[in-house]
Structure formats: structure tokens, C-alpha cells
Amino acid sequence: MTDIQTRARTATDWIRKNCPSIPNTALVLGSGLGKWIESAWIQKSIPYADIPGFPVSTVEGHAGALLVAEIKGTPVFVFSGRFHLYEGYSPREVTLPIACLGLLGTENLILTNAAGALNPLFATGGLMLLTDHINMTGHNPLTGPNVDDWGPRFPDMSQVYCPALREQAMQAAMNCGQRLEQGVYVAVAGPSLETPAETRMYRIMGADAIGMSTVPEAITAHHMGLKILGISCLTNKNLPDCMAQTSHAEILDQANASSDALGSLLSALIPNLGGR
Ligand code: NOS
């Protein structure tokens, strides 16, 4: 057994023993997007540091806890705080919580993130549904010996973001009277933000939004057969020909400001997802 398999099994067994229920839906909250969840009923909050096998999150704006919450009566696992490549974790460690979900049998995974808008038509503060992604991190969480019990050596990637979940999300946005953009997310390793030349390149490649997360998690989740929905909160404009300076503080402020809109959308969507 590989080291990561052992860690994922240890963490999974611990979660099974210590959580009141094993929800069918999990949510990963991106930078600064966690405020609204406080209004949900949180049955249990477990600091990542308490879960054996888990890495410990370090980045500012990430609380680092696994919550068992109820959103309008529907139980959800909420990963409040995620692990990034730029923090120095290995690609496998970054996606360890996702591997645990696969082992726990959770079916639906909603990945949220704060991202820069590369598409000039997308407004700051808006939400974008991921239709697809481009992995420019230079890493892949499936590198190394394949865990055959988890999924195939060469997973098909023709449809990573579940069309049925996307349809449901569009419907939920309509019911809430919210605009929901759709587009391609490009993931970079960071932590430096993009130069104008890089931004131009990513736009020419076909990306609409850019960030430093989500894609490794989506690869691991897809490998294990979870249904995935991805939502970017567009925290800043990232345009090569009118490049504005961007700081992490501004990104967090904007994510905080958009957190309620994301909360309304997810509260409308989650109770309608298939449950056990
Ligand atoms: N993030 C971004 N990452 C890259 N480029 C962007 O324009 C951008 N906007 C938001 C950095 O402040 C954090 O916010 C996201 C990254 O994923 C990173 O976690």
C-alpha cells in the first residue's frame, strides 16, 4: 500500500467513527468564501489537525476544518479551507481530503474557488460555473503508482464537470435571479500572480478564469468516479492590456463580498441533489 493510501484510509476510518453521518454531497470552500456557511446548521466542526493523516492548512483566509452541516435539511460535508500546491504540499496530499470522500462513498462534490476573470465580459463579483479546465500547474495528483482500487491508470477526461449537476446549478441560479457565467478554468501553481504576457497566453489558450486550486481536486475526484460541480467566484479582473495590481487582501475582500451570493445559490441547489 502506498503512503497516501495508508493516510487516506486512516483519515477515512477516523471520519467514519467521528462524524454523526456520512453525507452524499461535499463542498470545498475557496479562499474567503466560507462566511455564509455559518448561517447553516453546523452539527460538527473538526479541525484538520485532529484528523490523523490529514495535512494542516496554512494559508491566510482558510480556517482548516471539516464541517458536517445541514443546508435546508440536507447533510453536507464542508471542507472549510483547502490545501494548495504553493504551500508546498505534494499533489497527492493536496487531494487527500478528496480521496477520503471517494473512500467514504460521497457521490457529489462541489468545488468552489476565488479566481481572476480572464474573459473581459465577466464582471468582478460574478460567479462562473466550470464547463472544463486546463491544468497548467505542472503537476498531476495521479503521478506515481496507480491505486487500481481508486480508478483507472489513464482516466478519461472528456467530461469532468457533470452536465446534469451543471444544468441543476443553472436552474438554481435562475430561481434565485442570479447571473451565472459558464467557462473554462485554468489552474496554475502560483504563488506568484500572472504577468501580462502570461495572462494573454492563458486567454488565447481558451480560459475564462484563472486560479491556483480546484484542478488537482477535480482530477482525483473524477478518477474515483465522483460527480463534480465547479464554481469560481470572480474576485478580480485579470486582463493583459489593462493590468491592475492585485493583492491577496483584495481577493479575500471580494470573495467575502460575494460569499452571500454563493451561499444563496448553493442553498437553492444542494437540497435538490440526489441523496441517499
Ligand atoms: N486567485 C487567483 N489566482 C491567480 N490569478 C488570479 O487572478 C487570481 N484571483 C484569485 C491568490 O490570492 C488566491 O486567490 C486565487 C488563487 O487560487 C489563490 O488561492
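The values are calculated or read from the model by the stated rules, or taken from the named source; none is laboratory data. Everything numeric in this text was worked out from a predicted model, so none of it was measured. Backbone-built Cβ (ideal geometry, glycine too); neighbour counts: all protein chains shown. We work out accessible area using only protein heavy atoms, side chains counted, and drop any ligands, DNA or RNA first. Shrake-Rupley method; radii C 1.70, N 1.55, O 1.52, S 1.80 Å.
Counting only residues that are surrounded by fewer than 18 Cβ atoms within 10 Å (Cβ to Cβ), modelled with pLDDT under 95 and either under 23 Å from the mean Cα position of the chain (by Cα) or not aliphatic (A, V, I, L, M) (or both), segment 1-16 holds 4 of them. Among residues of segment 122-149 that are more than 18 Å from His223 (Cβ to Cβ) and basic (Lys, Arg), none has a beta-carbon under 7 Å from a residue that is part of a loop (DSSP other than H, G, I, E, B) and open to solvent by less than 40 Å² (accessible area, probe 1.4 Å) at least six positions away or on a different chain. Has segment 155-163 got any residue that is in a helix (DSSP H, G or I), of a type outside the set (Gly, Ala, Ser), within 16 Å of the ligand (Cβ to nearest atom) and open to solvent by 40 Å² or more (accessible area, probe 1.4 Å)? Checked segment 155-163: no residue is in a helix (DSSP H, G or I), of a type outside the set (Gly, Ala, Ser), within 16 Å of the ligand (Cβ to nearest atom) and open to solvent by 40 Å² or more (accessible area, probe 1.4 Å). Among the residues of this structure, Pro152 does not count as one that is out of contact with any Pro (no Cβ under 9 Å at 6 or more places or on another chain), within 16 Å of the ligand (Cβ to nearest atom) and open to solvent by 40 Å² or more (accessible area, probe 1.4 Å).
Quick one: in segment 108-121, of everything that is within 14 Å of the ligand (Cβ to nearest atom) and surrounded by 23 or more Cβ atoms within 10 Å (Cβ to Cβ), which residue is farthest from Ala11 (Cα to Cα)?
Our first condition is that a residue be within 14 Å of the ligand (Cβ to nearest atom); within segment 108-121, this holds for 111-120.
From the residues that got through so far, the ones that are surrounded by 23 or more Cβ atoms within 10 Å (Cβ to Cβ) too are 111-118.
Values: Leu111: 20, Thr112: 23, Asn113: 24, Ala114: 27, Ala115: 29, Gly116: 33, Ala117: 35, Leu118: 37 Å.
Ranking the qualifying residues of segment 108-121, first place goes to Leu118.
Restricting attention to segment 134-149, which residues are open to solvent by 30 Å² or more (accessible area, probe 1.4 Å) and of a type outside the set (S, T, N, Q)? Within segment 134-149, Ile134, Met136, Gly138, His139, Gly144, Pro145, Asp148, Asp149 meet the criteria.
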